[in-house]
Each structure stands twice: as structure tokens, then as C-alpha cells.
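J.: Below is a structure I'd like to ask you about.
The values are calculated or read from the model by the stated rules, or taken from the named source; none is laboratory data. The shown structure was predicted, so the numbers you read here are calculated from the model rather than taken from an experiment. Counting neighbours? That spans all protein chains shown, and the Cβs are built from the backbone with ideal geometry, glycine included. The protein model used for the area step is the full one, side chains on, heavy atoms only, and it has no ligands, DNA or RNA in it. Shrake-Rupley method; radii C 1.70, N 1.55, O 1.52, S 1.80 Å.
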Amino acid sequence: QVQLVESGGDLVQPGGSLRLSCRASGIIFSVADMAWYRQAPGKQRDLVADITRRGFTNYVDSIKGRFTISRDNAKNTVYLQMNSLKPEDTAVYYCNARYGFNSYWGQGTQVTVSS
């Protein structure tokens, strides 16, 4: 049974930082491509950043220079370090794993950026 468990979401002031974590089980993590998506109220779920099994990263323009995706294969965990947060970053953040022909999702973690 594949499980992705996110954590780290919180209420933070503009300009603040958060680190999201996603721990995977039920897959060989080191061969999975991992990603973070987000979904704001009333909007579709969009890609934020991804990291391949070889460590290559990709970011959407709106978060370049502010967010960093990384992975620790020994801990089966992918991270999203978020700095200089803006109100428009408010969303539910979801972890995604692409493993073989399958795609798996976590339950999401809420990030709210507000003063």
C-alpha cells in the first residue's frame, strides 16, 4: 500500500518561511520522481516543483528563487523549502509520486500566508 504523508503546513506572515515534508512508504523511493503541487480555493491543482529520481529539479516561474525542492532517499522524504512567502502562495500543498506507470497523491497540507 502506497502512502504519502505531508506535514509542515501552517499559518505564516508574508515574508516568512516554511518547510514542507512528504514521507513515502510502499514504494522504492529512490526510483520515484517526486513533485509538489498546490491548489488554491476555486482553482485547479498546479505543479509547483518536481525532482527526478536522479535529482534534477524543475520550478514554475512564480516560485523560482523562493522555493527549493529536495529529497533524502535514506529517509524516503521529499521537502519543499519555502521562503519569502506571499499571500498568493496560500493553498493546499500536495505531494505526488510518479512510480512506474502510476501516480500517487498525499492528503495535502494547508499553507496560509496572511498578516
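J.: When Lys and Arg each count +1 and Asp and Glu each count -1, what net charge do the other residues less than 12 Å away from Leu4, Cβ to Cβ, add up to?
T.: Numbers: positive: Arg23, Arg98; negative: Glu6.
My count for the surroundings of Leu4 gives +1.
J.: Oh, and also: Pick from Gln44, Gln81, Gln13 the residue whose mean-square fluctuation is largest in a GNM of the chain, springs joining Cα atoms under 10 Å.
T.: In this elastic network of the chain, the residue with the biggest mean-square fluctuation among Gln44, Gln81, Gln13 is Gln44.
J.: Count charges around Arg71 for me, please; just the other residues with Cβ under 15 Å from its Cβ, Lys/Arg as +1, Asp/Glu as -1.
T.: Working: positive: Arg19, Arg23, Arg53, Arg54, Lys75, Arg98; negative: Glu6, Asp33, Asp50, Asp72.
With Lys, Arg at +1 and Asp, Glu at -1, the net is +2.
J.: Which value, in Å², gives the accessible area per residue of the chain when a 1.4 Å probe is used on the protein heavy atoms? Present the calculation step by step, with values, prior to reporting the outcome.
T.: Details: 6270 Å² over 115 residues.
Heavy-atom accessible area per residue stands at 55 Å².
J.: So, counting K/R as plus one and D/E as minus one, what does the shell of residues with Cβ under 10 Å around Arg38 add up to?
T.: On the way: positive: Lys43, Arg45; negative: Asp46, Asp89.
Neighbour charge sum, excluding Arg38 itself: 0.
J.: Picking from Thr57, Met82, Gln44, whose Cα lies most toward the positive end of the charge dipole for region 1-102 (charges on Cβ: Lys, Arg +1; Asp, Glu -1)?
T.: Sorting the options by dipole projection puts first Thr57.
J.: Over the chain, what per residue volume does the convex hull of the Cα atoms give, in whole Å³? Walk me through the numbers before you get to the answer.
T.: Working: hull volume 10.8 nm³, N = 115.
So the per-residue Cα hull volume is 94 Å³.
J.: Ok, one more. What is the percent carbon and sulfur in the accessible area of region 32-115, measuring with a 1.4 Å probe over the protein chains and ignoring ligands? Provide the component values of the computation, followed by the final result.
T.: Working: 2100 of 4520 Å².
Ligands and nucleic acids excluded, carbon and sulfur give 47 percent.
J.: Next up: Suppose we take every Cα in region 36-87 and form the convex hull; what volume per residue is that in Å³?
T.: Numbers: hull volume 4.8 nm³, N = 52.
Hull volume normalised by residue count: 93 Å³.
J.: I've got another one for you. Over the chain, calculate the relative contact order: mean separation of alpha carbon pairs under 8 Å at least 6 apart, over the residue count, as a percent. Don't skip to the answer; put the middle values down first.
T.: Working: 280 pairs, mean separation 42.2, N = 115.
Here the relative contact order equals 37 percent.
J.: Ordered by packing density, taken as the mean number of other Cβ atoms within 10 Å over each peptide's residues, highest first, how do 52-62, 30-40 rank?
T.: Sorting 52-62, 30-40 by mean packing, highest first, produces 30-40, 52-62.
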